[in-house]
1. Among the residues of segment 224-274 satisfying the criterion of being without any contact (Cβ under 8 Å) to a residue 24 or more places away in the chain and not in a loop (DSSP other than H, G, I, E, B), which is least open to solvent (accessible area, probe 1.4 Å)?
2. If I filter segment 44-58 for residues that are within 11 Å of the ligand (Cβ to nearest atom) and among the aromatic types (F, W, Y), do I get at least one hit?
3. Say whether the condition of being within 28 Å of T41 (Cβ to Cβ), in contact with a Pro (Cβ under 8 Å, 6 or more places away or on another chain) and either modelled with pLDDT of 95 or more or of a type in the set (A, V, I, L, M) (or both) is met by at least one residue in segment 114-121.
4. Condition first: touching a Phe, Trp or Tyr at 6+ places or on another chain (Cβ under 6 Å) and of a type outside the set (V, I, T). Can you find one or more residues in segment 240-262 that meet it?
5. Please go through segment 132-165 and give me each residue that is surrounded by 16 or more Cβ atoms within 10 Å (Cβ to Cβ), without any contact (Cβ under 8 Å) to a residue 40 or more places away in the chain, among the β-branched types (V, I, T) and not in a loop (DSSP other than H, G, I, E, B), ordered by number.
6. Tell me, yes or no, whether segment 108-122 has at least one residue that is open to solvent by 10 Å² or more (accessible area, probe 1.4 Å), within 14 Å of the ligand (Cβ to nearest atom), basic (K, R) and touching a residue at least 24 places away in the same chain (Cβ under 8 Å).
7. Suppose we filter A42, A80 for residues that are farther than 18 Å from I261 by Cβ, small (G, A, S) and surrounded by fewer than 22 Cβ atoms within 10 Å (Cβ to Cβ); which single one remains?
8. Name the residues in segment 63-77 that are among the aliphatic types (A, V, I, L, M), crowded, with 24+ Cβ neighbours inside 10 Å and out of contact with any Pro (no Cβ under 8 Å at 6 or more places or on another chain), would you?
Amino acid sequence: MNKLYNDRPIGVFDSGIGGLTVVKRLFSVLPNEHIVYFGDTARVPYGSKSNSTVIEYSIQDTNFLLHKNVKLVVVACNTASSIALPELQRKFNIPVIGVIFPGAEMAVDETKNMKIGVIGTRATITNQAYSKVIKKINNKIEVVEKACPLFVPLAEEGWTHHRATYEIAKEYLKELTSHRIDTLVLGCTHYPILADVIQEVMGNKVTLIDSGIATAEVVKSEIHKRGLETRHKNHGNLDVFVSDIPTKFQEVAELFLGKKINKPIKVDLEEMIS
Ligand code: DGL
C-alpha cells in the first residue's frame, strides 16, 4: 500500500503562552510539521476557573484551530486536558490529544518505588487528573498531588533560577519530599521552565517528567499510525495566534519555545466566539 501523507498543520492550543513548551517538544520529534498555535492570552489563567468555563473556552479554542484546517489538535494546557478532553474528543471529528495521559503513562513507566508526585494548577490538582489515570494503569501506585499556583507567574517573570523561586519551591514541595516520591510529574505548561530549581529542591534521586516530551511522542506515533505525516522537508514553521498581545510577549514566548518566534497574530475574541 502507498504511504499516506497529510500536509495540513497540527493545531495546538493553550490558555496562554505556556503551551509553547509543548510546541518545543513537538518540533524536536516532528521537525517538518507546520504548527498553528492558539494561545488564549486574553482569558488566561484557566487554572483558577470553573470546569464549565474551561470546557466552554476549550471548545472555542478547538473550533478556531479547525477553521485553520488542522489535521489533529494537541491540548497543550494541562488544565484544559484535565477538564475538557473527553468533551472535545466527543464533539470533534479529528484526533484530539491531551497531555495528561502521556505524562501519567511515562511516570508509571519511570517509578521504581511506586510513589509518584504530581504538581499542577489548582484545577488540575482538584480534578485529580493525573492520579486518576495513574491509578487506572496501576492502582498500587501511591500518588501525592500538590497545586503550585505561584509557579506560573514566576516562570512568566523569567525567574528560572531566582532565590525567591527556590524558597517558594521548597515550601510547595516539602510534602512531596517527605513522601519520598521517586518520580515527579510537571503537570503544567510552565513548570519545565523551572525544572532546575524543582530538581534542586527534590534532589537528584527524583526523576522529573515533562508531560510535553511524553505528549510529543504520542503525537508522533498517532500521526504515523493514521498516515498524517507531512511530505515537506525542513518545513517546520509556526504560526502563533493569540487573543491578546501581552507586554513582554516576545521575551516570554522565546523563553518557553527556546528560540526566536515570529510576531503573533491577534485574533478578535468576539468574532472568534460568535
Ligand atoms: N496552561 C495552564 C496549565 O498547563 C497553566 C496556566 C493557566 O492556569 O492557565 O495548566
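The values are calculated or read from the model by the stated rules, or taken from the named source; none is laboratory data. Keep in mind that this is a model prediction, so the values were computed, not measured. Every residue, glycine as well, gets a Cβ built from its backbone with ideal geometry; the counts of neighbours run over all protein chains shown. Each accessible area value is taken on the protein alone, full model and side chains, heavy atoms only, with ligands, DNA and RNA left out. Shrake-Rupley method; radii C 1.70, N 1.55, O 1.52, S 1.80 Å.
1. E254
2. Yes, there is a match, as at least one residue in segment 44-58 is within 11 Å of the ligand (Cβ to nearest atom) and among the aromatic types (F, W, Y).
3. To start, the set of residues in segment 114-121 that are within 28 Å of T41 (Cβ to Cβ) comprises 118-121.
Filter once more, keeping what is in contact with a Pro (Cβ under 8 Å, 6 or more places away or on another chain): 121.
After this cut, where a residue has to be either modelled with pLDDT of 95 or more or of a type in the set (A, V, I, L, M) (or both) as well, the list is 121.
Yes, some residue in segment 114-121 is within 28 Å of T41 (Cβ to Cβ), in contact with a Pro (Cβ under 8 Å, 6 or more places away or on another chain) and either modelled with pLDDT of 95 or more or of a type in the set (A, V, I, L, M) (or both).
4. Yes; the residues of segment 240-262 include at least one that is touching a Phe, Trp or Tyr at 6+ places or on another chain (Cβ under 6 Å) and of a type outside the set (V, I, T).
5. V133, I134, V143, V144, T165
6. yes
7. A42
8. L65, V74, V75, A76
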